[in-house]
Amino acid sequence: MRIYNSLSRTQEEFLPIEEGKVSMYTCGPTVYHFAHIGNLRTYTMEDVLEKYLRYVGYDVKRVMNITDVGHLSSDGDTGEDKMLKGAKREKKTVMQIAEFYTQAFFNDCKKLNIKMPDVIEPATNCIPEFIRMVEQLLEKGYAYEAGGNVYFDISKIEKYYVFGDFTEDDLEVGVRDSVEEDGNKRNKADFVLWFTKSKFEDQELKWDSPWGVGYPGWHIECSCIARKHLGEYLDIHCGGIDNAFPHHTNEIAQSESTFGHKWCNYWFHVHHLNTNSGKMSKSKGEFLTVSLLEERGYDPLVYRYFCMQSHYRRNLVFSWENLDNAKNAYEKLVAKVAALKPEGGVDSEKFELGKKKFTDALDNDLNTSLAVTALYDVFKLDTNDRTKLALIESFEEVLSLGLLAAAEKYSADKKSETASDVSPELLAYIEEKIEARRAAKAAKDYAAADAIRVELSERGITLIDTREGTKFKIEA
Ligand code: AMP
Ligand code: ZN
């Protein structure tokens, strides 16, 4: 598989450290509010990556943190604490907010068929791990204390701006007008490892530390949680593109300075979902959530399909019109799947042919839109429906569009629609025949029972024996 690595800014062959195994780390949500569908684009594409790695045979261990402390409104460690902001908004405690929005996040993930990571670790569970790394960084001379806080000194490392295009001016992004420069910093891009002189008098969550009572900075969380569960060498780290700087840049600075070697080989960044008016963000007040999509009558899996149609390294523009187009395409796809009859055996040659298109697409830097084309190509294959269904089932291990369940529902709805169109006279006639057939069968008069089936069949009525009794279908 070839994948774009943000670190080298090229596509590379994906080769994990240990044969057959992949260690994968994902920056989890900051749980001060609902996730917006932009956040969920990132998690959806990461889900496809994880599932594809499993599909091609890797044993993946995926770890995700939950940010429930330390993330300030600007990623450059200034502004208000996001969790505190959420607690104030809802007049609850920080932990109540964290619990509620963590649950809400995983509910959204479930609706989007996003698999749960193997390990989910809230930051507040790992305070000793954070303290240990900060101590190591101080010992090795990469960190300093100033004004009560502990900072990472970026001038102590050879190369800080590892992702290229960023400069310290990018730290201004997201900073509100009211934010003052932190005079304790030696370099503008230095970042906080541990806050003790809290800027927030009413900071709820505080822990004892060698530097006084305080709380961790946001970036240290991911370095330490990844180390706790995946060790000091990581295959792949994922996140949204806004995380590359400063968050991931800082993670690399901390981890590599602590370990004394390269930490993570591949960096996978998903580009943003934007609206016509710009980047989607929670701080802008109104934002799009999965619940809002549902309220407006969209199946969340239509949104997943919408995400699949574009490459993860391109910005994607959301509009209701674009979502409607995805909805129409998705519904047509479901109808096509529902029309397949599982007859015959799987033709393994044709199966491999169909599958190759799919793996070629995903091997090419996770090209999901080509993978969706490969899915459409299944219907054009010169083979039986059983083979087509087997291919769809196989692709669904990665795409997870819920096509088979939706097709089943589509067929069932169609059946009940047909039944409700029947005139009362015809319905009475069919029910009488069904009852007569049941009685004939009970009396072991199979010839009579068969004759009834034939009589109905001549009128275009098919009987279907189910566990709940005999149902019928009328040809349109
Ligand atoms: P947060 O909950 O703010 O920490 O963000 C969770 C994830 O969503 C991170 O990986 C972000 O990089 C990502 N993200 C934030 N905004 C967007 C967006 N508009 N489109 C796609 N991903 C985003
Ligand atoms: Zn992170």
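Counting only heavy atoms of protein chains, what accessible area per residue, in Å², does the chain have with a probe of 1.4 Å?
Per residue, the chain has 46 Å² of solvent-accessible surface.
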Straight-distance crosslink candidates among aspartates and glutamates, where the alpha carbon sits under 19 Å from Lys61 and sequence neighbours closer than 8 are dropped: Glu18, Glu19, Glu46, Asp47, Glu50, Asp118, Glu121, Glu221, Glu232, Asp235, Glu397
So which lysines pass the test for Lys92, namely a Cα distance under 23 Å, with those fewer than 8 places away in the same chain ruled out? Lys82, Lys199, Lys206, Lys282, Lys284
Accessible-area composition of the stretch 2-270, carbon plus sulfur, in percent [1.4 Å probe]: 48
Antiparallel %, DSSP beta bridges [both residues in the chain], to 5: 50
Any idea what the dipole of the chain comes to, in debye rounded to 20, about its Cα centre with Lys/Arg Cβ at +1 and Asp/Glu Cβ at -1? 800
Per-residue accessible area, 1.4 Å probe, largest first, puts Val134, Val422, Val56 in the order Val56, Val422, Val134
Carbon and sulfur: what percent of the stretch 290-404's accessible surface (1.4 Å probe)? 47
Order these peptides, 352-363, 9-20, by their mean beta-carbon neighbour count within 10 angstrom, highest first. 352-363, 9-20
Dipole-positive endmost among Ala104, Ile157, Ile225 within the chain (Cβ charges, Cα centre): Ala104
State the extension gain, in nm to one decimal, for the chain segment bounded by Lys279 and Leu292, taking 0.36 nm per residue of separation less the distance between their alpha-carbons. 2.9 nm
Can you give the FRET efficiency to the nearest 0.05 for Asp360 and Lys91, using r as the Cβ-Cβ distance and R₀ = 56 Å? 0.55
What distance in nm separates the simple spin-label points at Leu426 and Glu168, each placed 7 Å from Cα in the Cβ direction? 8.0
What is the percent carbon and sulfur in the accessible area of the stretch 421-474, measuring with a 1.4 Å probe over the protein chains and ignoring ligands? 53
Given the pairs Lys51/Lys188; Lys159/Lys185; Lys51/Lys388, which are separated by over 28 angstrom at their Cα positions? Lys51/Lys188
Give the Kirkwood hydrodynamic radius (Å, one decimal) of the stretch 2-270, defined as one over the mean of 1/r across all pairs of different Cα atoms. 18.9
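The values are calculated or read from the model by the stated rules, or taken from the named source; none is laboratory data. Being a predicted model, the structure only gives us computed values, none of them experimental. Note: ideal-geometry Cβ built from the backbone for every residue, glycine included; neighbour counts use all protein chains shown. Accessible surface areas use protein heavy atoms only, side chains included; no ligands, DNA or RNA. Shrake-Rupley method; radii C 1.70, N 1.55, O 1.52, S 1.80 Å.
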